[in-house]
Amino acid sequence: MSLAKRTVRVEGMSCAACVRRVEEGLKSLPGVASASVNFATSKALVEFDEAVLDEESIPKKIEELGYGAQLEAGAQNGNRKTAVLVGGMSCAACVRRIENVLKAVPGVEDASVNLATSRATVEYSPRLADWAAIRTAIEEAGYEYLGVYQEDAEDPTEAARIKELAEMKRKVAAGAVLSLIIMVGNMQHLFPFLNNVPRPLMLYLLLVLTTPVVFWVGSRFMTGAFKSARQKTADMNTLVAMGALSSYLYSAVATFFPRLFSAPGIEPFVYFDGAAMIVTLVLVGRLLELKARGRTSEAIKKLIKLTPKTARVIREGAEMDIPVEEVLRGDSIVVRPGDRIPTDGIVVSGESSVNESMLTGESMPVSKKPESDVFAGTINQSGSFIFKATRVGAETALARIISLVEEAQGSKAPIQRLADKVASIFVPAVLSIAAVTFIIWYFAVPGHVLSRAILNFVSVLIISCPCAMGLATPTAVMVGTGLGAENGILIKGGESLERAHRLDTVVFDKTGTITRGEPEVTDVVAAREFSETDVLGMAAQVEAFSEHPLAKAIVKATLNGQAGRDTTQTAALDFESVSGLGSRARVGESRISIGSKKFVELEGIDARELEKSAGLLEESGKTCVFVAKDGRPAGIIALADTIRPTAAETVSLLKKMGLDVIMVTGDRLEAAKAIAHQAGIEQVLSEVLPGDKAGEIRRLQSQGRITAMVGDGVNDAPALAAADIGIAMGAGTDVAVEASDITLMRDELLLVASAVKLSSLTMRVIKENLFWAFFYNSVGIPIAAGVLYPFFGILLNPMFAAAAMAMSSVSVVSNALRLRRIWRKRS
């Protein structure tokens with residue numbers, strides 16, 4: 001069964017209870033395999049069977065639950081929206097005709113044409129729709145295709161957040177001003193200039209001023225509480241609305257019927273200031289929280305901005321600038337100094353250096369020449385070049401990274417399940433505690449003072465903060481995965497973060513991971529009458545004609561100056577390669593043979609004087625190539641797959657974190673130990689075939705180890721998938737991305753240690769957030785209920801309860817953002 005994924009923007013959630021309600025509602029739909037709602041991003045990710053469920057049913061269900069919902073078109077849903085300019089339209093019939101021809105193009109999901117702006121908005125699947133077909137459809141219908149409408153694309157989620165922020169700011173400003181006036185009026189005896197205003201008149205004025213604060217400034221709480229009541233549930237909005245309305249309604253009744261609450265001649269106590277301040281302070285907290293939450297998604301915003309708007313392509317022999325949406329596979333694209341590369345491709349001609357730091361985190365420019373890969377979003381620096389587009393639209397590495405990061409930031413860490421369970425019973429529990437508080441203070445405490453009972457009832461409702469629990473995990477996951485993306489570490493989600501934090505064993509593949517994956521010349525041993533320079537030079541002159549990896553390494557060593565001079569000037573003649581053994585050629589007047597010991601022996605050459613040196617080199621895991629000249633042994637060239645420069649440092653860092661480090665390889669034990677020793681690894685699993693690596697991982701897991709596997713993501717894919725955490729080196733293959741939990745965007749071993757460290761820091765912040773959220777509620781609610789009154793005579797004013805509640809959720813988000821500062825200090 002093939003499952004589809006859809007992302008839905010959810011509006012109106014206020015706490016963890018809302019998250020749980022939406023998740024359970026979505027899971028109740030037939031065909032839904034999973035539903036994960038992220039409070040911090042206000043998004044729901046739904047996996048479902050398209051054969052059973054229509055995608056339109058998803059937002060419909062969310063709306064039935066009392067929330068706003070909108071399906072997102074983008075990387076997650078596989079569709080994109082693009083506006084194109086159309087010329088030649090004259091009437092509504094033209095609009096209808098263009099909409100119909102566009103909808104008929106394979107891969108186009110929807111099309112909407114606006115006659116006034118001459119624009120057609122096309123929603124299409126980049127995998128199925130050919131942009132050239134869209135253009136042709138417009139032109140064949142008799143209209144003019146004028147190109148893609150150039151306007152900075154606005155993220156609808158960000159646009160909604162900005163709109164919500166602006167509205168909140170207006171309401172907070174109005175609430176603050178009115179609350180201050182109400183507070184002064186409520187305490188008129190402290191302000192002589194108000195002494196001439198009769199108290200009954202003042203109470204009516206306070207009622208008039210408080211009403212817009214409670215019902216307009218606090219409209220989001222009232223509306224949310226009403227929707228929850230219709231669903232027969234309760235959430236944070238319920239608590240705030242009940243608290244504010246209790247103070248407001250009590251004060252309103254006391255204003256109209258003062259004799260019900262006080263003796264004749266004595267004005268009743270009213271709490272209009274409490275009702276106004278509760279709403280305003282909680283809204284201030286929501287405003288600060290919304291601002292802070294916006295900062296948690298900075299990483300994804302930076303990635304989205306990397307995509308350029310246009311590309312300079314060569315068509316029909318001429319260069320032309322076109323929107324990047326019109327680039328097709330196979331197009332030749334010109335890139336000049338300073339240009340941002342528009343799509344993925346392969347360099348055809350020209351050379352340059354490209355800054356790929358925005359994708360890989362690597363600060364050094366990467367050299368590009370013909371056959372080099374280039375990636376969308378990276379910046380060309382020094383030279384100009386032409387490349388052929390190989391992946392466009394949602395297929396590019398940048399688009400895939402954005403998709404992965406979005407999905408990771410919307411995921412949940414298993415530790416959040418605790419908060420979700422508590423949230424499901426939290427609000428009903430608080431309502432029960434508040435009711436018990438009222439009963440005790442009114443009926444059990446001497447005096448039967450209704451105002452005091454209501455005061456404590458409201459304080460309990462207001463001080464409780466389920467939103468702090470709801471934000472504790474997702475905000476930290478968003479910051480953690482965002483930081484990873486900025487530093488070349490792609491983490492698949494909260495579950496991967498949590499598992500990486502619990503690791504106790506890291507297994508490295510040898511070839512291409514601990515080592516560079518290509519042989520290098522390490523030693524040159526010369527026989528009598530020859531120098532090391534002579535040996536390497538002779539070998540390079542012959543091997544220049546060979547495609548063998550060892551031959552290329554010898555030539556490279558010579559060109560890098562290892563021979564001391566350029567010895568490849570004299571051309572070798574009569575080159576002959578003997579498969580699996582070596583090669584021979586004539587250089588000048590001499591006959592040069594180069595290959596294995598067996599090869600030179602077959603050539604009739606006595607190489608016994610070099611056998612001792614060869615044995616020592618082979619014991620250390622090196623491959624020996626024998627060189628002979630005119631039937632006499634000239635020397636030995638030793639080659640090995642050398643370890644990466646940062647391998648030893650990486651292993652040392654992991655050990656300092658308390659992790660066991662193991663190397664796995666198909667090499668024989670002696671050669672494997674030699675490499676492991678250089679990297680500082682004591683435990684080696686040798687002579688393990690690629691297909692058996694996954695079995696070794698399972699064997700370690702059966703011993704109770706929580707294991708990470710670090711490999712190149714191709715032949716290591718089964719082991720990556722079997723490990724608790726699969727870490728793929730480099731972003732080269734789809735196999736790496738699919739099989740691994742963490743993908744390192746560049747071949748830098750130190751990123752392995754950074755990934756483990758980042759997961760540990762993120763989990764620490766999550767645990768701190770959850771602790772403070774639970775601690776705050778555990779301490780705050782009893783204080784609000786009045787447990788300190790018998791000992792210290794202290795009762796909590798609802799205004800202070802509202803301030804404490806507002807700051808609790810802000811502090812959780814701020815603590816998550818602190819992760820950035822901690823990371824910068826430790827990096």
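The values are calculated or read from the model by the stated rules, or taken from the named source; none is laboratory data. Small disclaimer: the values here were computed from a predicted structure and weren't measured. Reconstructed Cβ throughout: ideal geometry from the backbone, glycine too, with neighbour counts over all protein chains shown. Only protein heavy atoms, including side chains, enter the accessible area calculation; ligands, DNA and RNA are left aside. Shrake-Rupley method; radii C 1.70, N 1.55, O 1.52, S 1.80 Å.
Tabulated data
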{"quantity": "Scan of segment 425-446 for residues that are in contact with a Leu (Cβ under 7 Å, 6 or more places away or on another chain) and of a type in the set (Ser, Thr, Tyr), ordered by number", "calculated": "Tyr442"}
{"quantity": "Residues within segment 441-477 that are in contact (Cβ under 8 Å) with a residue 24 or more places away in the chain and over 18 Å from Trp772 (Cβ atoms), tallied", "calculated": "13"}
{"quantity": "Candidates Ser357, Ser382, Ser332 - the one that is modelled with pLDDT of 90 or more and either at positive phi or open to solvent by 20 Å² or more (accessible area, probe 1.4 Å) (or both)", "calculated": "Ser332"}
{"quantity": "Scan of segment 17-56 for residues that are open to solvent by less than 50 Å² (accessible area, probe 1.4 Å) and of a type in the set (Gly, Ala, Ser), ordered by number", "calculated": "Ala17, Gly25, Gly31, Ser34, Ala35, Ser36, Ala40, Ser42, Ala44"}
{"quantity": "Criterion violated by Pro790 - all others in (1) under 28 Å from Val810 (Cβ atoms); (2) open to solvent by 60 Å² or more (accessible area, probe 1.4 Å); (3) not hydrophobic (A, V, I, L, M, F, W, C) satisfied", "calculated": "(1)"}
{"quantity": "Neighbours by Cβ (under 9 Å, 6+ apart or cross-chain): first from segment 485-506, farther than 23 Å from Gln683 by Cα and among the polar types (S, T, N, Q); second open to solvent by 10 Å² or more (accessible area, probe 1.4 Å) and in a loop (DSSP other than H, G, I, E, B)", "calculated": "Asn487/Gly361; Asn487/Met745; Asn487/Ser827; Ser496/Ser411; Ser496/Asp741"}
{"quantity": "From Glu520, Glu498, Glu547, Glu529, residue being within 40 Å of the chain's Cα centre (by Cα), of a type in the set (Asp, Glu) and either assigned to a loop (DSSP other than H, G, I, E, B) or buried (at least 20 other Cβ atoms within 10 Å of the Cβ) (or both)", "calculated": "Glu498"}
{"quantity": "From the options Ala648, Ala628, residue that is small (Gly, Ala, Ser) and under 41 Å from the mean Cα position of the chain (by Cα)", "calculated": "Ala648"}
{"quantity": "Output for segment 532-544, where each listed residue is of a type in the set (A, V, I, L, M) and either in a helix (DSSP H, G or I) or in contact (Cβ under 8 Å) with a residue 60 or more places away in the chain (or both)", "calculated": "Val535, Leu536, Met538, Ala539, Ala540, Val542"}
{"quantity": "Search result, residues across segment 783-797 that are closer than 11 Å to Val460 by Cβ and small (Gly, Ala, Ser)", "calculated": "Ala784, Ala785, Gly786"}
{"quantity": "Filtered residues of segment 639-675 (kept if more than 22 Å from Ala694 (Cα to Cα) and of a type in the set (S, T, N, Q))", "calculated": "Thr642, Thr646, Thr650, Ser652"}
{"quantity": "Test for Ser620: is it of a type in the set (S, T, N, Q), at negative phi, touching a residue at least 24 places away in the same chain (Cβ under 8 Å) and buried (at least 22 other Cβ atoms within 10 Å of the Cβ)", "calculated": "no"}
{"quantity": "Some residue of segment 148-161 being touching a strand residue (DSSP E or B) at 6+ places or on another chain (Cβ under 6 Å), open to solvent by 60 Å² or more (accessible area, probe 1.4 Å) and either at pLDDT 70 or above or within 30 Å of Leu288 (Cα to Cα) (or both)", "calculated": "no"}
{"quantity": "Those strands (runs of 3 or more DSSP E) lying entirely in segment 630-695 with at least 1 residues buried (at least 22 other Cβ atoms within 10 Å of the Cβ) and touching a residue at least 24 places away in the same chain (Cβ under 8 Å)", "calculated": "632-643, 660-664"}
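Every residue, every condition in (1) under 37 Å from the mean Cα position of the chain (by Cα); (2) open to solvent by less than 50 Å² (accessible area, probe 1.4 Å); (3) within 20 Å of Ser451 (Cβ to Cβ); (4) without any contact (Cβ under 8 Å) to a residue 12 or more places away in the chain, yes or no:
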| site | (1), (2), (3), (4) |
| --- | --- |
| Val172 | yes, yes, no, no |
| Pro200 | no, no, yes, no |
| Leu203 | no, yes, yes, no |
| Val208 | no, no, no, yes |
| Gly218 | yes, yes, no, no |
| Ala225 | yes, yes, no, no |
| Asn237 | yes, yes, no, no |
| Val253 | no, no, yes, yes |
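Residue-by-condition table, conditions (1) under 30 Å from Ser14 (Cα atoms); (2) modelled with pLDDT under 85; (3) open to solvent by 50 Å² or more (accessible area, probe 1.4 Å):
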| site | (1), (2), (3) |
| --- | --- |
| Arg295 | yes, yes, yes |
| Ala318 | no, yes, no |
| Val324 | no, yes, no |
| Ser353 | no, no, no |
